[in-house]
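Structure record follows, encoded as structure tokens.
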Amino acid sequence: DWTMGKFVDQEIARIRALVGDKGQVIGAISGGVDSTVAAKLMKEAIGDRFHAVLVDNGLLRLNEAAQVKKTLGDHLGINLTVIDAGDLFLSRLAGVKDDPEKKRKIIGNTFIDVFLEKAKQIEKEAHNTPQAGEIEWLLQGTLYPDVIESISFKGPSATIKTHHNVGGLPAKMDLKLIEPLRELFKDEVRELGTKLGISEELVWRHPFPGPGLGIRILGEVTKEQVQILQKADQIYIEEIRAAGLYREIGQALAALDPTKSVGVMGDKRMYGQIVFLRAVETSDFMTADWYNFDFQFLKRVSSRIVNEVDGVSRVLYDITSKPPGTIEFE
Ligand code: XMP
């Protein structure tokens, strides 16, 4: 009979056998549940010979990189390097608007560039340590549904939008893939995470897309726009948690529309941008229903955002289901 305890032991034994006692593994982590659970399992199996890399693309949530560093590095003890590459991503995104696919490609390619450079550096350092082997393996937090989706290639998001994650990386780096979660469903990954001592908060985190806030800022992505959206997002998620609704919502997000609309603040007219709020209930993210907040909740969030975030004059709630609307805006 299958139990999580047995799975952990078997998987650790399998990883050790695959990698050997000198082999090195590298993996990109996002701070989300899948990559964190996969990373923790690697840490248990091979310790610091697993090298986790967080690419801070400047499009993460408010204080996200610092938070990940604290949880994964300090708390879970994973050998983690955070690369602050925000300026590079933003400079490559400058001037790009009305072309979501182009944004996704720029973010995806820049991610690969940054990650590859870091991988080479880690490999060089490993070469200087006589007892260390080559980096031969790339960790991916692929789940069973991802495996199915890429085999059948029927996933709406896979065909409609370019999903960057680490696609294309293994070939470029000449690495073999190690995928400890490839037989698990999401609920099993959560159970596994809990078993490995990962906090409840992290285990239940909503998904966050690889291109981050870049695909939630309609129009040009600039540092100023990122900062505005980070503040609005922070307020929204904080209020969702405070209302005890975080778990029953599958994913909640704020997006920024640069179209200006007129408002009044105090006795002055102001001309500001629009924040969209979206929240969905979903079992698999392939279809989703918009979440039915009560109006008092929406009223509270809206008034906080308009009052606390400079440059925003209006807040709208998205009542489009998927299909036809996707979960993200771009
Ligand atoms: P859509 O917008 O296609 O999103 O309805 C479905 C789910 O996928 C996430 N998503 C992404 N995740 N890289 C990711 O890692 C991406 O490029 C990407 N695009 C969408 C989205 O947040 C939702 O959970």
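The values are calculated or read from the model by the stated rules, or taken from the named source; none is laboratory data. Remember, predicted model here, so these are calculated numbers, not experimental data. Here Cβ is always computed from backbone atoms with ideal geometry, including for glycine, and neighbour counts include all displayed protein chains.
Looking at 253, 298, 277, just one residue is aliphatic (A, V, I, L, M), more than 21 Å from residue 97 (Cβ to Cβ) and within 24 Å of the chain's Cα centre (by Cα), and that residue is 277. Under the condition of being more than 16 Å from the ligand (Cβ to nearest atom) and either assigned to a loop (DSSP other than H, G, I, E, B) or modelled with pLDDT of 95 or more (or both), the residues counted in the range 152-177 number 2.
Scan the range 87-101 residue by residue and report those that are touching a residue at least 40 places away in the same chain (Cβ under 8 Å), surrounded by 14 or more Cβ atoms within 10 Å (Cβ to Cβ), part of a helix (DSSP H, G or I) and not hydrophobic (A, V, I, L, M, F, W, C). Correct list: 100 only. Taking every residue in the range 309-325 that is within 18 Å of residue 250 (Cβ to Cβ) and pairing it with any residue that is more than 11 Å from the ligand (Cβ to nearest atom), at least 6 positions away or on another chain, the pairs with Cβ-Cβ distances below 6 Å are 317/277; 317/298; 318/276; 319/290; 321/289; 321/290. Can you confirm whether residue 27 is under 28 Å from residue 107 (Cα atoms), at pLDDT 95 or above and either more than 16 Å from the ligand (Cβ to nearest atom) or in contact with a Cys (Cβ under 7 Å, 6 or more places away or on another chain) (or both)? In short, no.
Comparison of 78, 106 shows that the only residue that is within 13 Å of the ligand (Cβ to nearest atom) and at pLDDT 95 or above is 106.
Going by the structure shown, is residue 30 touching a residue at least 40 places away in the same chain (Cβ under 8 Å), buried (at least 20 other Cβ atoms within 10 Å of the Cβ) and in a helix (DSSP H, G or I)? Considered against the rule, which asks whether it is touching a residue at least 40 places away in the same chain (Cβ under 8 Å), buried (at least 20 other Cβ atoms within 10 Å of the Cβ) and in a helix (DSSP H, G or I), residue 30 comes out as no. Considering the range 198-238, and only residues there that are outside any helix (DSSP H, G or I) and of a type in the set (A, V, I, L, M), the residue that is farthest from residue 311 (Cα to Cα) turns out to be 198. Name every residue in the range 258-294 that is within 16 Å of the ligand (Cβ to nearest atom) and β-branched (Val, Ile, Thr), in order of residue number. The answer is 280, 282, 287. Within the range 133-151, which residues are surrounded by 15 or more Cβ atoms within 10 Å (Cβ to Cβ) and either modelled with pLDDT under 70 or within 14 Å of the ligand (Cβ to nearest atom) (or both)? Matches in the range 133-151: 140, 141, 142, 143, 145, 146, 149. Applying the selection to the range 175-229, what residues are over 30 Å from residue 99 (Cβ atoms) and touching a strand residue (DSSP E or B) at 6+ places or on another chain (Cβ under 9 Å)? Listed by number, the residues that qualify are 175, 176, 177, 178, 179, 180. Candidates 294, 267, 284, 289: the one that is touching a residue at least 60 places away in the same chain (Cβ under 8 Å) and exposed (fewer than 15 other Cβ atoms within 10 Å of the Cβ) is 284. Candidates in the range 198-216 are the residues that are hydrophobic (A, V, I, L, M, F, W, C) and within 14 Å of the ligand (Cβ to nearest atom); of these, the one that is surrounded by the most Cβ atoms within 10 Å (Cβ to Cβ) is 213. Counting residues in the range 300-321 that are within 16 Å of the ligand (Cβ to nearest atom) and touching a helix residue (DSSP H, G or I) at 6+ places or on another chain (Cβ under 7 Å) gives zero.
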